[in-house]
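Below is one structure. I have some questions about it.
The values are calculated or read from the model by the stated rules, or taken from the named source; none is laboratory data. Values in this document were obtained by computation on a predicted structure and should not be read as measured data. Here the Cβ positions follow ideal geometry from the backbone for every residue, glycine too, while neighbour counts run over all protein chains shown. These area figures cover heavy atoms from the full protein model, side chains too; ligands, DNA and RNA do not enter into them. Shrake-Rupley method; radii C 1.70, N 1.55, O 1.52, S 1.80 Å.
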Amino acid sequence: MTIEVVYVSDKNYMPYVEISAHTLLKVNPDAHITVVSPEPVTTIFDNVVIPLKQTYRQRRAHDRITQTTYLKLFLTELPFEKIIFIDPDTLIQKPLNELWNTEVEYIGLCESHDVGKEQAADLGIERYANTGMMLMNLPALRKINFTQKCLKAKAEPKLWCHEETLLNVAMQGKITYLPEKWNYCFNREISRSEERRVGKECRS
């Protein structure tokens, strides 16, 4: 069984991809890794270039979200049936077989840490999902025009109004919420957190 894993990165973030991929392959040696980038990058993994043809967001001071992050919304262009997307700042601690074998109609994500409740309230949605790790059913997402659906989503211009917010607004009612162990955020508070940590995402 080959687990298809995808990272999104530009050349500046590739050192983090290499670290995350090392932890991934240590416990998932048969995983196949693809790095999606807006320009070619130097990597031992497969590299698929998807150019970003416009500016999707004006960055603010101290904003950690880059243009490259929007490539998450273009992953339906990949020639796969199913992928696990992983943010480069994620350390993988356990095998991903259970996650890979999980059935999702469209997309599987973990609910955000506690600040997500504030994000959800501001956006007028019930729950806010974290896109740091996603299980994506690509044929189903292509069928509903996932990319355009997300890019056309309207959201308030909050600090967190980026690709993750657009996905949350566009995909309400189509998200399968996964156990938080698949995208546990270190140093982020999550109420009633008792699950064993499997994926640990460390954001700066």
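So, with a 1.4 angstrom probe, what is the percent of accessible area on segment 1-85 that is carbon and sulfur? Write out the running numbers ahead of the final one.
Working: 2440 of 4660 Å².
The computed percentage sits at 52.
Let me know the shape class of segment 1-154, please: from the alpha-carbon gyration tensor, a ≥ b ≥ c as square roots of the eigenvalues, rounded when a/c is under 1.5, otherwise prolate if a/b is greater than b/c, or oblate. Don't skip to the end; give the middle numbers.
Numbers: a/c = 1.37, a/b = 1.19, b/c = 1.15.
Rounded.
Another one. Go ahead and run the numbers for FRET between Asp30 and Ala121, Cβ-Cβ distance against an R0 of 41 Å, rounding to 0.05.
Working: r = 42 Å, r/R0 = 1.02.
Once the sixth-power term is evaluated, E becomes 0.45.
In a shell of Cβ-Cβ distance under 15 Å around Ile33, excluding Ile33 itself, what net charge do Lys and Arg (+1) and Asp and Glu (-1) give? Intermediate results must be reported in sequence, preceding the final value.
On the way: positive: Lys26, Lys82; negative: Glu4, Glu18, Asp30, Asp46, Asp87.
Summing Lys and Arg as +1 and Asp and Glu as -1 gives -3.
A further question on this structure: Measuring with a 1.4 Å probe in the full set of protein chains, what accessible area per residue, in whole Å², belongs to segment 16-104?
Values: 4760 Å² over 89 residues.
Per residue, segment 16-104 has 54 Å² of solvent-accessible surface.
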